[in-house]
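The values are calculated or read from the model by the stated rules, or taken from the named source; none is laboratory data. Predicted model only: the values in this text are computed from it and were never measured. Every residue, glycine among them, receives a Cβ derived from its backbone with ideal geometry; neighbour counts consider all protein chains shown. Heavy atoms of the whole protein, side chains included, go into the accessibility calculation; ligands, DNA and RNA do not. Shrake-Rupley method; radii C 1.70, N 1.55, O 1.52, S 1.80 Å.
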Amino acid sequence: MKERGERITVLTCHDVLFARILEEAGVDMILVGDSLGQVALGYDSTLPVTLDDMIHHAKAVGRGAPATFTVVDLPFLSYQVSAEDALRSAGRVLKETGAEAVKLEGGDAAAVATVARLVAAGIPVMGHLGLTPQSVHALGGYRVQGRGTGAATRMLDEARALEEAGAFAVVLELVPGPLAERISGGLTIPTIGIGAGPGCDGQVLVLADALGLNPGFTPRFLHRFADLHGEALRGARDFVAQVRDGAYPGRAHTFESEGPA
Ligand code: KIV
């Protein structure tokens, strides 16, 4: 797609109902992201998410979107201890979920060596640079990365190293637009941006944010493509009101003593 100049569409997903919707919508790739921690499990970061959590949700996504290329995040501490540990974690993801690939964060020498180890074992790997949420405390918060010449050059070098290690794509999160464009132009593999401007080869958003299920989250890069929070709230309030005033269930919703089920 990058060679043909076609922009790649990626959305995160954690359950079967939305997986069906994303497959029907024709999204190019589903990411079972460890944003699972915040958007489905109620944590305030991705750090508590376990490999078992990821596998449980990735299986549900696989049942809903069997024909869509699916990448699963390796969660915090499921790949950082050693490349062998990473191989065991990634192997479990592919064997147990049916997903096609895994994603891991970082571009230092250890992360690059881990990518090479997984790729050598036949496991497709997507990289993740810029704001890497599993390092949120080390980075001092959720903020734009790669500002300043030194940081920008380092990110460019890390992106090249991930490509050389065999990564098939790299996510760029919260990266200044000009730097993301430069990295995208310098790689043959596609970049998938989130908060990284239009110069990336594709775009990813967290589904709950993109569909307006998370109205308190308002970063500059986000565009809401629907207002599911508003619609869900309206429906739930209607249910409460109609049950209370006796409008639901009516005769149309009630089985007779005899007749069709
Ligand atoms: O976990 C996730 O949803 C992600 C995206 C933000 C890229 O990694």
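One table, with the values for the structure above:
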quantity: Checking GLY185 against (1) part of a loop (DSSP other than H, G, I, E, B); (2) small (Gly, Ala, Ser); (3) surrounded by fewer than 21 Cβ atoms within 10 Å (Cβ to Cβ), the condition it does not meet; calculated: (1)
quantity: Any hit, the range 125-132, residues being farther than 18 Å from VAL204 by Cβ and surrounded by 14 or more Cβ atoms within 10 Å (Cβ to Cβ); calculated: no
quantity: Residue in the range 164-171 that is free of Cβ contacts under 8 Å to residues at least 60 places away in the same chain, away from the ligand (no atom under 15 Å from the Cβ) and assigned to a helix (DSSP H, G or I) present; calculated: yes
quantity: Test: LEU139 is of a type in the set (A, V, I, L, M) and buried (at least 18 other Cβ atoms within 10 Å of the Cβ); calculated: no
quantity: Residue among GLY193, GLY230 that alone is in contact with a strand residue (DSSP E or B) (Cβ under 7 Å, 6 or more places away or on another chain) and without any contact (Cβ under 8 Å) to a residue 60 or more places away in the chain; calculated: GLY193
quantity: Residue pairs meeting the criteria (Cβ under 7 Å; at least 6 apart or on separate chains; first over 16 Å from VAL144 (Cβ atoms) and open to solvent by 60 Å² or more (accessible area, probe 1.4 Å), in the range 211-224; second assigned to a loop (DSSP other than H, G, I, E, B) and modelled with pLDDT of 95 or more); calculated: ARG224/GLY212
quantity: Where a residue in the range 30-57 is open to solvent by 10 Å² or more (accessible area, probe 1.4 Å) and its partner, wherever it lies, is acidic (Asp, Glu) and assigned to a helix (DSSP H, G or I), with Cβ under 8 Å and at least six apart; calculated: VAL39/ASP209; LEU41/ASP53
quantity: Qualifying residue in the range 8-21 (condition: under 30 Å from ASP157 (Cα atoms) and either acidic (Asp, Glu) or assigned to a loop (DSSP other than H, G, I, E, B) (or both)); calculated: no
quantity: Residue within the range 90-98 that is under 17 Å from the mean Cα position of the chain (by Cα), surrounded by fewer than 18 Cβ atoms within 10 Å (Cβ to Cβ) and not in a helix (DSSP H, G or I) present; calculated: yes
